[in-house]
Amino acid sequence: MTGTTRNAPAGKPVFRFAPSPNGALHLGHAYSALLNAEMAARLGGRLLLRIEDIDMARCTPAFEQAIYDDLAWLGIGWEEPVRRQSEHFDAYRQMLATLTDKELVYPAFMSRGEVRALIADSEDGGLNWPRDPDGAPLYPPADKRLGDSERRRRMDAGDAFAWRLDVEAAMAGVGPLTWAEFASEEMRAANEVEARPQEWGDVVLARRDVPTSYHLAVVTDDALQGVTHVVRGEDLRQATSVHRLLQALLGLPAPTYFHHRLIPDANGRKLSKSNRDTGLDALRAAGKSPGDVRRMVGL
């Protein structure tokens, strides 16, 4: 089946493939999309396509159209309408307002340069600055000590800031968290995995000019679209801790997850959209078939 499938019956398992139109899809995207389609078919479920285009500076209509073309070429069908995140900022604002009302977010004013300087001073003094699972330094807690009047003064003055989640306060309100993770793509059994959002520190949930981040948008979209099964790359496994925390804080349902293996390049590294030789458009131009792609990703 290619193209689109409309008005699938409700009450079935719901999967989604959610690429960002900021570059050409590569073999890793093909594997994830094909695996979502196969797992949805195995359960008699639905497959949604979501365009995650909140990065308005890098996402383009041309890349979005290329996504549709590549998926259709692979023989993957999806339901209409396609959800485009850039068209749903109001939904994310409402979720952010819920967290603001609970006093679980705060405006963070430190620039990247200021953070780097603070960390350098600390590490020069012999302290090891804590880092998140991706290796990025955790945000310093200085902004939490600002009073409301000072925060408002700086915001009114037009100072740049990001809305960050106060993860310590958030964790205190929800207690221990887990998520259900399938052990394999056969989906025979799911294991409970401990969520550790504190390892990420106070993550960004929105910025002054963009009312969301990946973390906030993805849990909002999954809930509003009724997604029951999230199948995505192993590189996002640890981020699920943040997503489980947000789901608990916002009263959103938690899907079952499966974080699949990554497809490496010829040097064993994670694929990148800048790697043109693994792009689906380049492979198609080189005469590869959808069957060739399936074999290349091990399906």
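Okay, here's what the table says:
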quantity: Segment 88-253: relative contact order as a whole-number percent, Cα under 8 Å and 6+ apart; calculated: 28 percent
quantity: Alpha carbon centroid spacing (whole Å) that separates segment 171-236 from segment 130-154; calculated: 22 Å
quantity: Computed [θ] at 222 nm, helices only, for the chain once each DSSP H run of length n ≥ 4 contributes -39500 (n - 2.57); calculated: -11000 deg cm²/dmol
quantity: For residue 20, distant residues with modelled amide H under 5 Å away; calculated: 52
quantity: Long-range HN-HN contacts of residue 105 with modeled amide H, under 5 Å; calculated: 166
quantity: Efficiency of FRET from Cβ geometry, residue 267 and residue 159, R₀ 45 Å, rounded to 0.05; calculated: 0.55
quantity: Nonlocal amide H pairs with residue 206, under 5 Å, H built at 1.01 Å; calculated: 163
quantity: Diffusion constant of the chain at 4 °C, which comes from Stokes-Einstein with the Kirkwood Cα-pair radius and 1.567 mPa s, µm²/s; calculated: 62 µm²/s
quantity: Contact order normalised by residue count of the chain, Cα under 8 Å, 6+ apart, percent; calculated: 23 percent
quantity: Segment 249-299, dipole about Cα centre (Lys/Arg Cβ +1, Asp/Glu Cβ -1), debye to the nearest 20; calculated: 60 debye
quantity: Inverse of mean 1/r across different Cα pairs in segment 88-253, Kirkwood, Å; calculated: 17.3 Å
quantity: Potential extension, residue 12-residue 80 segment - 0.36 nm per residue separation minus Cα distance; calculated: 22.9 nm
quantity: Highest to lowest packing among 170-176, 211-217, scored as the average C-beta count within 10 Å; calculated: 211-217, 170-176
quantity: Residue 144 versus residue 236: modelled label distance in nm, points set 7 Å from Cα along the beta carbon direction; calculated: 2.8 nm
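Computed from the coordinates by the stated procedures, all read-outs in this text should not be read as laboratory data. Just so you know, these numbers come straight off a predicted model, no measurement behind them. With ideal geometry, Cβ positions are generated from the backbone for all residues, glycine too; neighbour counts draw on all protein chains shown.
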